[in-house]
Structure formats: structure tokens, C-alpha cells
1. Mind counting the residues in the stretch 105-150 that are surrounded by fewer than 23 Cβ atoms within 10 Å (Cβ to Cβ), of a type in the set (A, V, I, L, M) and closer than 16 Å to residue 177 by Cα?
2. For the condition in a loop (DSSP other than H, G, I, E, B) and hydrophobic (A, V, I, L, M, F, W, C), what is the one hit in 34, 58?
3. Looking only at the stretch 286-304, count every residue that is over 18 Å from the mean Cα position of the chain (by Cα) and surrounded by 21 or more Cβ atoms within 10 Å (Cβ to Cβ) and tell me the total.
4. Here are some conditions: (1) modelled with pLDDT of 95 or more; (2) outside any helix (DSSP H, G or I); (3) hydroxyl-bearing (Ser, Thr, Tyr). Residue 16 meets all but one. Which one does it not meet?
5. Say whether the condition of being within 16 Å of residue 35 (Cα to Cα) and not in a helix (DSSP H, G or I) is met by at least one residue in the stretch 133-147.
6. Quick one: residue 167 ticks every box in (1) touching a helix residue (DSSP H, G or I) at 6+ places or on another chain (Cβ under 7 Å); (2) under 22 Å from residue 221 (Cα atoms) bar one, so which box is it?
7. Determine which member of the set 69, 82 is in contact with an Asp or Glu (Cβ under 9 Å, 6 or more places away or on another chain), in contact (Cβ under 8 Å) with a residue 12 or more places away in the chain, aliphatic (A, V, I, L, M) and surrounded by fewer than 18 Cβ atoms within 10 Å (Cβ to Cβ).
Amino acid sequence: MGKVLVTGCGGFIGSSLCYALLQDGYYVTGIDIFTSNYERWIKERNLESLKQFSRFRFMEVDLAAFPLASLLDKVDYVFHLAAIPGVRTSWGEHFAKYAKNNVLATQLLLEAVKHSSIKKMIYASSSSVYGGMMGSTDEQRTPHPISPYGVTKLAAEHLCQLYARNFHVPVISLRYFTVFGPRQRPDMAFHKMIYSILQDAPVTIFGDGEQSRDFTFIKDAVTANILAMQSPYIGEVFNVGGISRLRINEIIDIIEKQTGQKAKRQYLPEQPGDPKHTWADITKAKNMLQYDPQFDVEKGMYLQIQDVKTLYNL
């Protein structure tokens, strides 16, 4: 099988993707840094499952301060998932690290890929580039991010398209819609809600809980990456959504049902940068990549609850 480089390999999607690639027989080099927004021990747990494979090599690398060309020798595919995540924390003084890790690091990686012989680079974009959505949204809609995080993801995505157009860099961008499942980051809503309910602690809900999201299970997101890698397309952008679109209050209802515990719902004011609704039109990915998501929220939520219980010994 081929050789793969995965940036952000210790994170939620990155570690899940690495595991799938290793199971498929690929040689994987994973790089990551332990940023302050992510508990180190959780990333280390993710990495432990990868280090059992002799075909996995880990490097602690800052993309913005490393000779990246040396990482690409004999590499066939690059998955660029490294980024500083989070909408609410991207405001104010934190923006500098978002600009460095999300935009500058992507540009430096594209420069290195430009001079390499890789077959495909997959960039992890986000539904945050769209801003709020009142209906089903396809890739033809003009992006209008409403958070600094969304601005950085869109800027990096534009860089990918520029390098594809001007230098024929074989890059594809995937716009993820609220990915959930085992290994989800501890700052993400499902993880926090499950943990709080299991601990009989208040569940914080920003707004009235009637905001809705298009939810994508992690295995479907991983499949989308592999399909993009195998596709002949360059310079394209694809929505990656799931088969469930629910309100936050409905999500809490599901967690209550599956844990057998009642949530202590605590409603707080809406937060700047949070869209009221997201809704993915995945027609393009279905037609061009044969992407066909399989996991609904109820099935995926059960698996995530078990993972959170294991993580915290609950």
C-alpha cells in the first residue's frame, strides 16, 4: 500500500483516519503538536491505538516552523487536518494562533507539496465557512463566515484552490458538518453534554436549544476522506454531512434516553459566531465521490457514550 502523511494525527478526526488507513495497510506518518486547547492525555490515548502498528510513525512537529519538504519524501497522499479548532475561542487575543496554525501552516504545507510528487492532498475545511444557513446548502453558495475561526478555514481553503489552479497541486477540500462519535474533542457539544449528564452536572445550552445541526458520524467522515483520496478530482470542494439533522434539545433527549439519566438543562445567552442552523446538501459528494453516509445520531450516540464512559472510567 501507499505512504500517507496525516497532520493533526492525535486529534479526533485525524486519529480516527490514521487508524482506518493503518487497518487498510497503508504506511502512515502522523504529525501533531499538543496545543493548549486539547488535554494532552486525551491525544496521547488516541496515539496509543496507532502506535500498535509497526507501519505508524509519530512526529511532534509544528507545521509553521519545520522544513516540511523533508516530510514529503516518497509520500503518496497528504491529509491536512491540523488546525486550532473552536468558534467561541477564536475571538480576541486568541486569533493570532488561529492565523498561524490554520492559515500560515496550510500555506507552508502547500508550498512544500507544490515541489513534491504526491498524488493527492485532502484539506479539512469546515461548514463554518458558510456562516448561518436557512435551508439546505450546497457548495455553490457564497461563503459568509460569522466567526474568526470560519474566516481562517475559508482563507486556507482559498489557498488550496489557488495552488490547485496555478501550480496543479492535487488538492481537494472537505467541508465537515459537526462530526461526532468516539474520540470527539472534549470541548465539543456532544462530549460535554454526555459527560455532564453522566456526572449529574448542569448541561450548558447557549440559546434556546432550538438551533439545529447537520451531524456527521466519524466513520462517515473518515470514509469521505478515503473516497476523496481515491478520486480523480483536483481543486474541488465537497460538503461532508450525515443523515441526521436535529435540534440541540432533541440531542439531549437522546442522551437522556440512552444513559437513563435526566439532564439538568442550563440555558445561557447565544454566543457570537454560533450559527442558528446548519444543513448540508451532499449531492455533489454523493455524485462525484460516491459518498453515502450510514450512521444516524442514535446509532452513533450510543457508541460515543460508551467511549466517554471508558475515557473517564464512568
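The values are calculated or read from the model by the stated rules, or taken from the named source; none is laboratory data. Only a predicted model underlies this, so the values are computations on that prediction, with no experimental measurement involved. As a convention, Cβ positions derive from the backbone with ideal geometry for all residues, glycine included, and neighbour counts pool all protein chains shown.
1. Here the count works out to 3.
2. Sole residue among the options that is in a loop (DSSP other than H, G, I, E, B) and hydrophobic (A, V, I, L, M, F, W, C): 34.
3. Matching residues across the stretch 286-304 total 1.
4. (2)
5. Of the stretch 133-147, the ones within 16 Å of residue 35 (Cα to Cα) are none.
Checked the stretch 133-147: no residue is within 16 Å of residue 35 (Cα to Cα) and not in a helix (DSSP H, G or I).
6. So the condition that residue 167 fails would be (2).
7. Only one candidate passes the filter, namely 69.
Here is a yes/no grid of residues against (1) touching a helix residue (DSSP H, G or I) at 6+ places or on another chain (Cβ under 8 Å); (2) closer than 22 Å to residue 242 by Cβ; (3) modelled with pLDDT under 95; (4) among the β-branched types (Val, Ile, Thr):
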position	(1), (2), (3), (4)
78	yes, no, no, yes
88	no, no, yes, no
117	no, no, no, no
126	yes, yes, no, no
139	yes, yes, no, no
143	yes, yes, no, no
150	yes, yes, no, no
178	yes, yes, no, yes
